Each structure stands twice: as C-alpha cells, then as structure tokens.
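The values are calculated or read from the model by the stated rules, or taken from the named source; none is laboratory data. Since the model is a prediction, treat every value here as computed from it, not as a measurement. When we count neighbours, we look across all protein chains shown, and the Cβ atoms used for this are built from the backbone with ideal geometry, even at glycine.
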Amino acid sequence: MAAYTGYATVCHQLLEARAPPDITMPMGWTPLHLAAHHGFGEVIDVLLAGGASVDASTDDKWTPLFMAAKANQEDAADRLVRAGAQLSTATAAAAKTTLG
C-alpha cells in the first residue's frame, strides 16, 4: 500500500524492517510496478536502493519500465532506465518492447 499511495518514508521504514522489496501481489505486481505506474519517483528511488529488482516482471511479463511507459510516466521511466532497466524487454501480453 505504501508504494501504491506514494509514501516513500513508509516504504523506507518497511525496507529497514526487512520487508521484502520484491514482494508480489495479485498478477505478480511488485511495489516497484505500482510506483512506476503511478509515477512516484521518490518511492522508485527508495525501492531500488532497498534492493528491488529493476526488471521484475508480472505474470504477463510486464516490467516496471513498461508500466511507466504505458502510463506516460516519463520521470519514472527515466529513473528506471538510469537504474539499469532493460529497454529491450518484451511483454507477452502486448508483444511489444518498451520502446514500442
């Protein structure tokens, strides 16, 4: 919920308490997917610093970068690319790369 609502401080506290950064929710979404989709840049930074996988994929093989791009979250996408997100990762659902 902290990643979904953009609460970077709460995300940081959870990670300090050893919450797994790549915990999955229904359909394989991780907190990083949620933060990317909603454009919460500070949450993205906190999650990545806490060990979240920049290229984690959902059940449909969507990465956080793909979600940011689909939601027109340019800042989120930029942060993910700077963190090493793969541009060529394809999604099974859309059969496209992140770049289109």
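Here are some notes:
- Annotation: of all residues in the range 1-15 being surrounded by fewer than 18 Cβ atoms within 10 Å (Cβ to Cβ) and over 14 Å from the mean Cα position of the chain (by Cα), the one that is modelled with the lowest pLDDT is TYR7.
- Subset tally (residues that are surrounded by 15 or more Cβ atoms within 10 Å (Cβ to Cβ), of a type in the set (Gly, Ala, Ser) and either modelled with pLDDT under 90 or within 14 Å of TRP29 (Cα to Cα) (or both)) for the range 54-89: 3
- Candidates in the range 16-53 are the residues that are within 20 Å of GLN73 (Cβ to Cβ) and polar (S, T, N, Q); of these, the one that is surrounded by the fewest Cβ atoms within 10 Å (Cβ to Cβ) is SER53.
- Residues of the range 1-15 satisfying the condition of being closer than 22 Å to GLU74 by Cα, touching a residue at least 12 places away in the same chain (Cβ under 8 Å) and either assigned to a helix (DSSP H, G or I) or among the hydrophobic types (A, V, I, L, M, F, W, C) (or both): ALA2, ALA3, TYR4, ALA8, CYS11
- Helices (runs of 4 or more DSSP H) wholly inside the range 16-81 that include at least 1 residues being within 10 Å of the chain's Cα centre (by Cα) and over 15 Å from ALA3 (Cα atoms): 64-70
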